[in-house]
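Scroll down for the structure; my scribbles are underneath it.
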Amino acid sequence: MSTHNSKTNSNEHEAPHHAGAKLLLETASSICSGNPRLAKDEDYASEILSAWKSDVNARMHTTLTSIAKPIVYRDANDSPLYGYLYRPSHNNQDVPIKNLPGLIIFHTGAGPQDIFLRWKADTLVTDTETFPNGVVVLIADILGDETGWAWDTDRSRYEKIASILLVPDENGERNMLQSRVRAVVETLRIQPDVDPTRIGIVGFCLGGHPILELGRMPDISVKAMVSFHGVFVSVHKFQMTEADAKNDSTCQVLICTGKDDPFVPKEDVIAAKDLFERLGHHCTTISFEDTKHGFTNPAQRFNTNPAFDFNEDSYRSAWTAMCNVLKDALT
């Protein structure tokens, strides 16, 4: 996508004139500026804006809106990470609603600057059926991507960082990834409107890796984790110690995957489920028929890679299952 010559026009996606439409229109305008880059191309941006508009229309009745802002936090090495924080408000007033559950969204290989993630964060914050009083959502960054460089067709920069983040060392550990996961959890926990004992996790694609690491970390504040087409390629390299098996930090884990996803083979899903359960977590897997990688994202309709596609039935079933898990664990 040419970030400075995008033809995406916010007027083409104008939502109803109520508070819930404000964030959608602001995001559409930021796509036109191209800083940061939020989409692969115009088809991707247009498809997500259309889906977001439909969600806004469906939420006309809600009393909550979401307020969003960028947030910079740092890992143990003092490396800056570029998240986006969404919190609920009444009548678009930036006054914190206290004692809310917190939810972290881990991004795909496209990085944290993704309009899809902003749509999902806004949807969750204003979903009063799942979170009657709202939820604070933080889009995490595990790459250190402020500008949207992870969208670049030249993948050399991404691959260099991924090789450090995702490949376990000789001891089976991924220390940089663990540090960045801890940093985002702590960043959300200290928000003034968040109940630090009620944290949930949602990961898409690459976001399966942080979920694996969180499963191995003794953090009793994390009550639920949900993976959508999550990649668990390193799961076979982990070593579980006797101390790990005595982990007192148990949570509900839901893995939603497609049977036709070449990036998430059945063997990896089985191994991930086994790891979670040996660590004392309660893990459920749902494997959808005729479903490929990226099935939750309607913009995957335009992906020319045959491994990717949107599947509306699978997406809606998986999203409902996620909402049930989060509601049960966090409210």
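The values are calculated or read from the model by the stated rules, or taken from the named source; none is laboratory data. These figures come from a predicted structure and were not determined experimentally. Every residue, glycine as well, gets a Cβ built from its backbone with ideal geometry; the counts of neighbours run over all protein chains shown. Just so you know, the surface numbers come from the protein's heavy atoms only, side chains and all, with ligands and any DNA or RNA stripped out. Shrake-Rupley method; radii C 1.70, N 1.55, O 1.52, S 1.80 Å.
Assorted remarks:
- Residues within the range 228-267 that are at pLDDT below 95, open to solvent by 80 Å² or more (accessible area, probe 1.4 Å) and in a loop (DSSP other than H, G, I, E, B), tallied: 4
- Answer from Glu129, Glu186 - the residue that is in a loop (DSSP other than H, G, I, E, B) and surrounded by fewer than 24 Cβ atoms within 10 Å (Cβ to Cβ): Glu129
- Among residues of the range 29-45 that are more than 14 Å from Pro112 (Cβ to Cβ) and at pLDDT below 95, those with a beta-carbon under 8 Å from a residue that is open to solvent by 30 Å² or more (accessible area, probe 1.4 Å) and of a type in the set (D, E, K, R) at least six positions away or on a different chain give the pairs Glu42/Lys7.
- Restricting Gly294, Gly280 to those that are in contact with a strand residue (DSSP E or B) (Cβ under 6 Å, 6 or more places away or on another chain), more than 24 Å from Phe131 (Cβ to Cβ) and open to solvent by less than 60 Å² (accessible area, probe 1.4 Å) reduces the list to Gly294.
- Sub-6 Å Cβ pairs linking a first residue in the range 199-227 that is on the phi < 0 side of the Ramachandran plot and part of a strand (DSSP E or B) to a second residue that is hydroxyl-bearing (Ser, Thr, Tyr) and open to solvent by 10 Å² or more (accessible area, probe 1.4 Å), at least 6 apart or interchain, are Phe204/Thr108, ordered by first then second residue.
- Here Leu326 fits the description: buried (at least 22 other Cβ atoms within 10 Å of the Cβ), within 30 Å of Leu100 (Cα to Cα) and touching a residue at least 24 places away in the same chain (Cβ under 8 Å).
- Inter-residue pairs, beta-carbon under 6 Å, first in contact (Cβ under 8 Å) with a residue 24 or more places away in the chain and charged (D, E, K, R) and in the range 65-91, second exposed (fewer than 14 other Cβ atoms within 10 Å of the Cβ) and part of a strand (DSSP E or B), 6+ apart: Arg74/Pro80
- Restricting attention to the range 278-331, the residues that are small (Gly, Ala, Ser), at pLDDT 95 or above and touching a helix residue (DSSP H, G or I) at 6+ places or on another chain (Cβ under 9 Å) add up to 3.
- In the range 166-182, the residues that are assigned to a helix (DSSP H, G or I) and surrounded by fewer than 21 Cβ atoms within 10 Å (Cβ to Cβ): Leu166, Asn175, Met176, Gln178, Ser179, Arg182
- Exclusive hit being at positive phi and modelled with pLDDT of 95 or more, set Gly111, Gly83: Gly111
- A search for C-beta distances below 6 Å between a residue of the range 116-135 that is within 15 Å of Ile67 (Cα to Cα) and any residue that is among the aromatic types (Phe, Trp, Tyr), counting only pairs 6+ apart in sequence or on different chains, returns Trp119/Trp52; Ala121/Tyr86; Val125/Tyr86.
- Out of Ile270, Ile286, sole residue that is in contact with a strand residue (DSSP E or B) (Cβ under 9 Å, 6 or more places away or on another chain), surrounded by fewer than 21 Cβ atoms within 10 Å (Cβ to Cβ), not polar (S, T, N, Q) and not in a helix (DSSP H, G or I): Ile286
- Whichever residue in the range 43-93 is open to solvent by less than 70 Å² (accessible area, probe 1.4 Å) and among the acidic types (Asp, Glu) and, among such residues, is farthest from Ala121 (Cα to Cα): Asp75
- Exactly one residue out of Arg316, Arg278 is under 17 Å from Lys223 (Cα atoms) and either among the basic types (Lys, Arg) or without any contact (Cβ under 8 Å) to a residue 40 or more places away in the chain (or both): that is Arg278.
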